[in-house]
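A quick write-up on the structure given underneath.
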Protein chains: 2
Amino acid sequence: MELNIRLLLERGARYFPDNEIVTRLPDGGLHRYTYRVLNERAHRLASRLASIGVRPGDRVATLAWNTYRHFELYFALPCAGMVLHTVNLRLADEHIAYILNHSEDSAVFVDPDLLPTLERIAGQIRTVRTFVVLAGQVPATTLRNVVAYEDLIAAGDPGFAFNELPERTPAGMCYTSATTGLPKGVVYSHRDIYLHTITECLGDVLDVRERDTLLPVVPMFHANAWGLPFAAACMGAKVVLPGERPHAPAILDLMQDERVTFAAAAVSIGIDMMTELKRQRRDLSSLRGIMLGGSATPAAVMEYYLREFNVPIITAWGSTEMTPLATCVHIRRADLDKPPTEHIPTRIRQGIPCPGAELKVLDEEGGEVPWDDQSIGEIYVRTPWSATEYYHDARSRDGFVDGFWKSGDMSAVSADGVLRLVDRAKDLIKSGGEWISSVDLENALIAHPKVREAAVVAAPDAKWLERPCAYVVPEPGAAPSQAELRAWLEPKFAKWWLPDHYLVVDAIPKTGVGKINKRALREQVEQDIRQSANA
Amino acid sequence: MELNIRLLLERGARYFPDNEIVTRLPDGGLHRYTYRVLNERAHRLASRLASIGVRPGDRVATLAWNTYRHFELYFALPCAGMVLHTVNLRLADEHIAYILNHSEDSAVFVDPDLLPTLERIAGQIRTVRTFVVLAGQVPATTLRNVVAYEDLIAAGDPGFAFNELPERTPAGMCYTSATTGLPKGVVYSHRDIYLHTITECLGDVLDVRERDTLLPVVPMFHANAWGLPFAAACMGAKVVLPGERPHAPAILDLMQDERVTFAAAAVSIGIDMMTELKRQRRDLSSLRGIMLGGSATPAAVMEYYLREFNVPIITAWGSTEMTPLATCVHIRRADLDKPPTEHIPTRIRQGIPCPGAELKVLDEEGGEVPWDDQSIGEIYVRTPWSATEYYHDARSRDGFVDGFWKSGDMSAVSADGVLRLVDRAKDLIKSGGEWISSVDLENALIAHPKVREAAVVAAPDAKWLERPCAYVVPEPGAAPSQAELRAWLEPKFAKWWLPDHYLVVDAIPKTGVGKINKRALREQVEQDIRQSANA
């Protein structure tokens, strides 16, 4: 029997038909329906895809927020044999156009507020035949061949039967948003998504169950929202979707009002929520955990959530290539009875491989680094659910070695096998022949009460080749001095690790997915240091 | 990347090398070692298989209790490319000989106390080249070509590398012990066992984690001990193995002393343990659940464990063909806050399909029965991890229909999709054109304080064609009367369901796996009724 996304949807719909999917609407209201309705609408939609020229095997793009309609597309498209291609709506126009053309999408499903993006690039898009607006009717638009999503649903057949598909059939697609070069496409098969889902739901991974109420703040255009829509359907868990432009106050209100048990978001959102909670507290007693990802969660943030709300932060590690999870924090049986605050040193690390994942940390000669928490190497990983190539892309040759993905992430490994991400290979600072981790310095800086955000990059240096330079965004109203920041770091690091410069700035440049854009910083750091010396 | 048992073993060994595997020895002492040692010994053994004429692809039999050596074979044989063929040591000699010949095993690994079985059938075994005694040395035996297991281990290479195997490679094999006809063989691939393991470990299935201490009382020769050895290794859970001829007092001592969190056993063992606990209480505070299977657990037994030890009984349903799990009890989110005793009506049912399993209950015309808890049909089931045929056996044609296994189990389905097993198709009693469930009557009888065991079978009847007859084994010292038993059942059933005869007996005949042998009872029931009338 073939592994198939259909099995995930049908379990939720058949055995938990009354469990809810709740969506925050643009007007602040809530849309609620059940798995029974989700399932019916997914079948209705699937039955109408042929009518808009979408055929099995086609890539079909979504440009959309986390809503019930996007949730329907997660199942209707792959179960009908199409490839769900989630496009990152934060990318630059030219990257979106590149992606739509490179994947040769035959249609785009788009939220109404994102139509202007498509209107701007309409002239460059080569393969899209139909635009479907995720709404009851088509708003005024310069696009042609536009239909309303609800018209398709209304005309659809709820008795439409999904085919049995071979498990290697492509089901999903996502482009990584590199800081350099063009985006790279990754294709997920039904098998990949099925295996990732079951693995992710394990008690020793994210422990997703029917009793959960899941709030994926992580966008559905970003690595399948870390797989949570599929996990939810399979287990029949209640789902809360934060809709258009989610922000910390709205997310926290949803958590409180819908009794969310598990949320997943970027670390920056976790920090925003902390700031908001300090302003206005919420009842978070239903929460069993918040998964934060995309970058390292500072220990201070973990301590805050534990102390104030008894909520542990869950760290995992993965990537678009990995569907996306490969590792997850694990609290060992010997440590279970310790106070939760003592788990923080484990929780800020990247955990151990999920069942099924194989992981190696290799030095420059290709040998496994010793598990001494000191030696640093690059993570190579393969899993039964992850990509082994980029879609029609010559960069596959460098990205994958013997079936292992070459992650570009540098890590140490503790004696018991737990990863500690040190840096991106290209962000490590090599000063006088020794490695300095920008991430470690950033985490220490961010723990300073006057610091809201920090980024450390290599500045060119005549003597040492590279020296660390710190960019710091202060807390509102605060003005940390260079001496103050240096004194803060001094007891924590060897002297030669300490940045030579501390640049206090209003904002740090970000990439399309909200990560610090270190490439941009590296390009401007020399000039910034010069200007700061002149100021 | 191929799904593989190697991945399960290596995760436990690499990330939880110090977690323990504990075995009860014949002298009552305990053998303890760790996953590190298990892994090393599995590699050593694998390296020596060629030396005893065992080649990749060979079926290799085990005739053994639940011990660490059997646990090693669970991994060494399939990871080295052989098929782990666990033979039910309780079968009749002629069935064991049939099974060894039918599967063409090239070697047998046998516990020393089971050598006499092989000695008796040595003349009939055609393909076995080597007997390996699971001991430090070979005892006196009439068998030829016998080697000691520990000699293989001692000479083995701990650095032996397991090959990467295609996931459809056969890994395991088990024969069902039918009450009629010859045993039927089922082959499990690496993929089957991997998928079953991951599914079984889910929070909404058995919830196996590293923090667990698992006690599989269910024999390792019976449907992979319900998959628990594989689940344990993958998660790195501690394992407690009850060794040779486990009995209730020894099992309970292990539970208490090793702080077992999850045990799995036949219902009859669960009842024996209850009797023993009433005699001598144990500290079972570490237990989170006991999975009982093989037949229905009476509500009275569930109530006892909940009331006295706060331990829920976990019910699942499956078969040798299903690797073995297909369904599992599920307590819905809406019911979680209810008192555990209110979960018992759900817990005595057979649950809902595990993620990935597809299940239909079909009437005689092949239509799905309504979910009204009244209509009865036969369960058809398929999963991504279960067999689709019997090994070299023409009976596959009748056993599997369109990829679904035709279970022979009759079930009703509640409005929310929960199975309620009514009877084996062949054990249902058809009286005057209406169905009577032998299982329902047995469960009611067993709840009577004077009744220890009960079996209800169809007796031929001139007027109604079949009428129910009850066999009853009394509690020690008790002597329930026919009138007393009838009065007990009267308020619970329609009058025409009540057995016409109640035969109090010392013992009820059992099959090789300890189930009630209804076929034997049906053959003798007319005569038994006659004798009872004459007594």
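For this structure, a couple of remarks:
- Pairs of alpha carbons in the protein assembly as shown separated by more than 44 Å make up 40% of all such pairs.
- Dipole of chain A computed with +1 at Lys/Arg Cβ and -1 at Asp/Glu Cβ about the Cα centre; of A:Val505, A:Leu254, A:Ala412, farthest Cα towards the positive end is A:Leu254.
- For segment B:429-534, the antiparallel share of DSSP beta bridges with both residues in that region comes to about 80%.
- The ratio of the alpha-carbon radius of gyration of segment B:156-257 to the globular-protein estimate 2.2 N^0.38 Å is 1.25.
- Within the shell of other residues whose beta carbon sits under 10 angstrom from the beta carbon of B:Val187, the net charge comes to -1, with Lys and Arg scored +1 and Asp and Glu -1.
- Computed from point charges on the beta carbon alone (+1 for Lys and Arg, -1 for Asp and Glu), the dipole magnitude for the protein assembly as shown about its Cα centre is near 160 Debye.
- Computing Rg and the Kirkwood Rh from the Cα coordinates of segment A:263-340 gives a ratio, Rg/Rh, of 0.99.
- In chain A, the DSSP beta bridges split such that about 55 percent are antiparallel, to the nearest 5.
- Chain B: relative contact order in percent, alpha carbon pairs under 8 Å with at least 6 residues between: 11
- For segment B:121-204, size of Cβ-based charge dipole, Lys and Arg +1, Asp and Glu -1, in debye: 560
- Value of Rg to Rh for segment B:293-422 (Rh from inverse mean 1/r over Cα pairs, i.e. Kirkwood): 1.01
- Compactness of segment B:451-513 - radius of gyration and Dmax, Cα, Å: 12.6, 37
- Inter-chain shielding of B:355-362 (mean C-beta neighbours from other protein chains, 10 Å cut-off): 4
- Dipole of chain A, positive direction: furthest Cα of A:His43, A:Val451, A:Ala470, with charges on the beta-carbon: A:His43
- About its Cα centre, the dipole of segment A:356-424 is roughly 300 debye, where the only charges are +1 on Lys and Arg Cβ and -1 on Asp and Glu Cβ.
- Most positive-pole-ward Cα, B:Val110, A:Ala231, B:Ala76, against dipole of the protein assembly as shown from beta carbon charges: A:Ala231
- Total formal charge among the other residues, if their Cβ is under 13 angstrom from that of A:Asp372, Lys/Arg +1 and Asp/Glu -1: -3
- Two-decimal Rg/Rh across segment B:429-534, once Rg and the Kirkwood Rh are taken from alpha-carbon atoms: 0.93
- Spread over its residues, the convex hull of the C-alpha atoms of segment B:39-116 is 84 Å³ per residue.
- Longest segment of chain B lacking trypsin sites (Lys or Arg not before Pro) that sit in a DSSP loop with at most 12 other Cβ atoms within 10 Å: B:282-462
- Averaged over peptide A:207-214, the number of partner chain Cβ atoms lying within 10 Å of each residue's Cβ comes to 5.
- Out-of-range pairs (alpha-carbon distance over 32 Å; input A:Lys360/A:Lys515; A:Lys495/A:Lys518; B:Lys450/B:Lys495; A:Lys238/B:Lys184): A:Lys238/B:Lys184
- Formal net charge of residues neighbouring A:Glu358 (Cβ-Cβ distance under 10 Å; K, R +1; D, E -1): +4
- Whole-Å semi-axes of segment B:1-78's equivalent ellipsoid (Cα gyration tensor): 22, 18, 10
- Peptide B:195-204 is shielded by partner chain Cβ atoms: per residue, an average of 6 of them sit within 10 Å of its Cβ.
- Annotation for segment B:468-517: chymotrypsin sites (Phe, Trp or Tyr not before Pro) lying in DSSP loop with at most 16 further Cβ atoms inside 10 Å of their Cβ are B:Phe493.
- CD proxy at 222 nm, helix term only [per DSSP H run n ≥ 4: -39500 (n - 2.57); per residue of chain B; nearest 500]: -8500 deg cm²/dmol
- Normalised alpha carbon radius of gyration of chain A [divisor 2.2 N^0.38 Å]: 0.97
FYI, it's all coordinate maths here, none of it is from the lab. No experiment lies behind these values; they were computed from the predicted model shown. A quick note on method: Cβ atoms are made from the backbone with ideal geometry, for glycine too, and the neighbour counts reach across all protein chains shown.
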